[in-house]
Structure formats: structure tokens, C-alpha cells
Amino acid sequence: MKRKVAKVGKLRLSPNEETMLLKEEYERRKKLRLQQVREQQKYIALQIREKVKQRREEQLHQLEEALRAEWQKAQDQKMKALEELYLSSLRAIGEGHRQAKENEPDLEALAKQAE
């Protein structure tokens with residue numbers, strides 16, 4: 001009896017069972033590899049999205065800087081033009097009085113002519 005018990009402990013799988021186990025192991029590994037590939041694809045896609053987002057932010061920042069510099073230049077030009085206008089207006093304040101004085105009729109000369 002002892003010999004029967006020893007032989008029973010060493011059961012072998014039938015060829016169909018062995019094939020089925022190998023197939024199940026192959027399918028399990030295939031699914032695992034597919035999951036790994038999908039994880040890698042997700043990670044790569046995430047990196048690409050982050051790079052695109054970063055590049056877009058850099059471009060927006062550069063555009064902002066360019067527009068800000070252009071606006072500042074325009075503001076400086078406007079300020080310079082207004083300063084020149086103000087200074088020319090200050091110079092012209094006394095000009096009207098001088099012209100009026102020059103065109104003032106000479107009353108003495110008119111009186112002599114009338115006599």
C-alpha cells in the first residue's frame with residue numbers, strides 16, 4: 001500500500017491539461033504585456049501633452065513680452081509727441097501777444113496823416 005500512495009503523489013497532467021495550462025500562462029503573459037504597453041503609451045502621451053502645454057505657455061509668454069514691449073514703445077512715442085506739443089504750446093503763449101503788439105495800429109502816425 002505504501003507503494004501505491006507514493007505513486008499517487010506523482011500525478012502527471014494529461015497532454016490536454018498541460019496544453020491548457022500552457023495556453024492559460026501564455027494568455028496571462030499576453031494580457032500582462034498588453035497592460036504594460038498601455039501603461040507606457042499613457043505615460044508617453046502624458047509627457048507629450050505636458051511638452052505641448054509647456055511649449056504653448058512659452059509661446060504665450062514670448063507673445064506677451066513682445067506685445068508689452070510694443071505697447072510700451074507706442075506709449076513712449078505718444079508721451080514724447082505730447083511733450084513736444086506741450087513745449088511748443090508753452091513757446092507759443094507769448095507769440096500771440098507779440099503779434100498783436102506788432103499789428104497794433106500806430107495811433108500817432110494815423111493822427112499825423114489825418115492832419
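Is it the case that Lys101 is modelled with pLDDT of 95 or more, part of a helix (DSSP H, G or I), out of contact with any helix residue (DSSP H, G or I) (no Cβ under 9 Å at 6 or more places or on another chain) and of a type in the set (Lys, Arg)? Reasoning before the result, please.
On the way: modelled with pLDDT of 95 or more: no; part of a helix (DSSP H, G or I): yes; out of contact with any helix residue (DSSP H, G or I) (no Cβ under 9 Å at 6 or more places or on another chain): yes; of a type in the set (Lys, Arg): yes.
When the stated conditions are applied, Lys101 does not pass them.
Just to check your reading of the model, which residue among Glu57, Glu17 is open to solvent by 80 Å² or more (accessible area, probe 1.4 Å), assigned to a helix (DSSP H, G or I) and modelled with pLDDT under 95?
Glu17
Identify, from the list Glu65, Glu83, the residue that is modelled with pLDDT of 95 or more, open to solvent by less than 100 Å² (accessible area, probe 1.4 Å) and not polar (S, T, N, Q).
Glu65
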Original post:
Is it fair to say Glu95 is not aliphatic (A, V, I, L, M) and not in a helix (DSSP H, G or I)?
Top reply: no
**OP:** Those residues that are open to solvent by less than 90 Å² (accessible area, probe 1.4 Å) and under 60 Å from the mean Cα position of the chain (by Cα), I need them from the stretch 87-115; list them, please.
**Re:** Leu87, Ser88, Ser89, Leu90, Ala92, Gly94, Glu95, Gly96
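The values are calculated or read from the model by the stated rules, or taken from the named source; none is laboratory data. Just so it is clear, the structure is predicted and the values come from calculations on it, not from any experiment. Note that each Cβ is placed from the backbone with ideal geometry, even for glycine, and that neighbours are counted across all protein chains shown. Accessible surface is based on the protein model in full, side chains and every heavy atom, while ligands, DNA and RNA are left aside. Shrake-Rupley method; radii C 1.70, N 1.55, O 1.52, S 1.80 Å.
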